[in-house]
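**Student:** Please find one structure pasted underneath; my questions will follow.
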Amino acid sequence: MDIQLKRGLLDVCVLAAIKNEDSYGYQIIKDMKPYVEVSESTLYPILRRLENAELLTVRTAEHNGRLRKYYRITPLGLQRIEDFKEDWKELLSICQFITKEDAAHG
Amino acid sequence: MDKQTFLDRLRKALPGLPAQDIQKHIEYYAEMIDDRMEDGLTEAEAVAAVGDPEALAAQLLAEAPKPKKEPLPVWAIVLLIVGSPIWISLLAAAFSVVISVYATIWAVLISLYTVPISLGAVAVAGVVSGTVFLFTGRFSLAAAFVGMGLACAGLCMFSFRLCNLAAKGTVWLTKWIFNAICSAFRKEKAK
């Protein structure tokens, strides 16, 4: 997939992965796996970006004798998902336009 | 590779970053490796799955935010403003001193020109009176005066050349100092 398109999608995808409950890094990767492959090194800057934009918060908790970072979505993050759903409708109509062109000249 | 080796290599490949950023990076990847091991991978497999520490470090360094130039603290600005009558007048005084020294140098230079001027006058006087003596038949006197006049003429031209050289040299030195100051200021601005 085109990288520019992918970058915007991945941010919202990560937010969607933590929408219903707090999650941690590796779990987010596993949740997204059926839809898109993300590596640790791809996820890390996304998490930092989302935290800087205050779309999620981070907390450290103990798990099996070690520390783990948990990510929680913020109201701003939830809003971002809603905005994306609106954008998606517009995206869909543009897609129809692009693919319709093909069919006409086919 | 085992987990500790991975983390050590990662840490070594991140010099120059702020300590707390390095710590965060290490914690993130340590957590990833631990989670994969919990999922059933061996330590070596988990580390391999995460990636090459040097490559990851290169990526982290590229994404690190650049340090911002610190603006002056408030007390420093206040001090600058409050003290302005003092430092402004001091600056003005220093500037006037420099200007007067420079003007004096030029005054001295210009006064040096009196040497060739007076030599020239003497030369003319000598040749003129020598010619008069010639016509009144006093040949030895005529020869002496004309000779002296001609010598002075030579000295006049020579000293004139010297004065010009001194003047040119001073102009050149002025330009050079001026340029040196200007480029020093430009370097400060560019920093």
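**Student:** Given a 10 angstrom Cα cut-off, can you work out which residue in A:49, A:66, A:80 is the most mobile in a GNM of chain A?
**Tutor:** Maximum fluctuation in the GNM of chain A, among the listed residues, is at A:66.
**Student:** Run the helix sum for the protein assembly as shown: -39,500 (n - 2.57) per DSSP H stretch of 4+ residues, divided by residue count, reported at 222 nm to the nearest 500 deg cm²/dmol. Each step should come with its number before you reach the end.
**Tutor:** Values: 12 runs with 228 residues, N = 297.
Per the formula, -26000 deg cm²/dmol.
**Student:** Using a/c under 1.5 as the rounded threshold, could you call the range B:1-44 rounded, prolate or oblate? The axes a ≥ b ≥ c are square roots of the C-alpha gyration tensor eigenvalues, and prolate needs a/b larger than b/c, oblate otherwise.
**Tutor:** Values: a/c = 4.97, a/b = 1.93, b/c = 2.58.
The shape class here is oblate.
**Student:** So which residue, out of B:143, B:57, B:107, gets the largest mean-square fluctuation from a GNM of chain B using Cα contacts under 10 Å as springs?
**Tutor:** Maximum among the listed residues: B:57.
**Student:** Oh, and also: Give me the inter-chain shielding for B:28-35: mean count of other chain Cβ atoms within 10 Å, whole number please.
**Tutor:** Values: counts 8, 4, 2, 10, 9, 2, 6, 10.
That average works out to 6.
**Student:** Step through the residues of the range B:159-172 one at a time and calculate ³J(HN,Hα) from phi using the Karplus curve (6.51 cos²θ - 1.76 cosθ + 1.60, θ = phi - 60°), rounding each to whole Hz and writing x for Gly and Pro.
**Tutor:** Here the 3J(HN,Hα) series is 5, 4, 4, 4, 4, 4, 4, 4, 5, 4, x, 5, 4, 4 Hz.
**Student:** If the elastic network links every pair of Cα atoms under 10 Å, which of A:62, A:86, A:37 fluctuates the most in the Gaussian network model of chain A?
**Tutor:** A:62
**Student:** So what J values fall out for the range B:108-113 if you push phi through Karplus, 6.51 cos²θ - 1.76 cosθ + 1.60 with θ = phi - 60°, rounded to Hz, Gly and Pro as x?
**Tutor:** Each residue's phi maps through the Karplus curve to give 4, 4, 5, 5, 4, 5 Hz.
**Student:** Give the long-range amide H neighbours of residue A:63: residues separated by 5 or more places, or on another chain, with amide H under 5 Å away, using H modelled in the peptide plane at 1.01 Å from N.
**Tutor:** Placed amide hydrogens put A:68 under 5 Å from residue A:63.
**Student:** Here is a further query. Does the protein assembly as shown come out rounded, prolate or oblate by the C-alpha gyration tensor, with a ≥ b ≥ c the root eigenvalues, rounded set by a/c under 1.5 and, if not, prolate when a/b is larger than b/c and oblate if not?
**Tutor:** On the way: a/c = 3.94, a/b = 3.44, b/c = 1.15.
Since a/c reaches 1.5 and a/b is larger than b/c, the shape of the protein assembly as shown is classed as prolate.
**Student:** With the Cα gyration tensor of the range B:44-191 giving a ≥ b ≥ c as the square roots of its eigenvalues, does the rule (a/c under 1.5 for rounded; else a/b larger than b/c for prolate; else oblate) give rounded, prolate or oblate? Show your work: numbers first, answer last.
**Tutor:** On the way: a/c = 12.42, a/b = 2.90, b/c = 4.29.
Oblate is the answer for the range B:44-191, as a/c is 1.5 or above yet b/c matches or exceeds a/b.
Quick note: the coordinates plus some simple rules give every number you see, no bench work behind them. Bear in mind the structure is a predicted one, so any value in this text is a computation, not a measurement. Methodologically, a virtual Cβ is constructed for each residue, glycine included, from the backbone with ideal geometry; neighbour enumeration extends over all protein chains shown.
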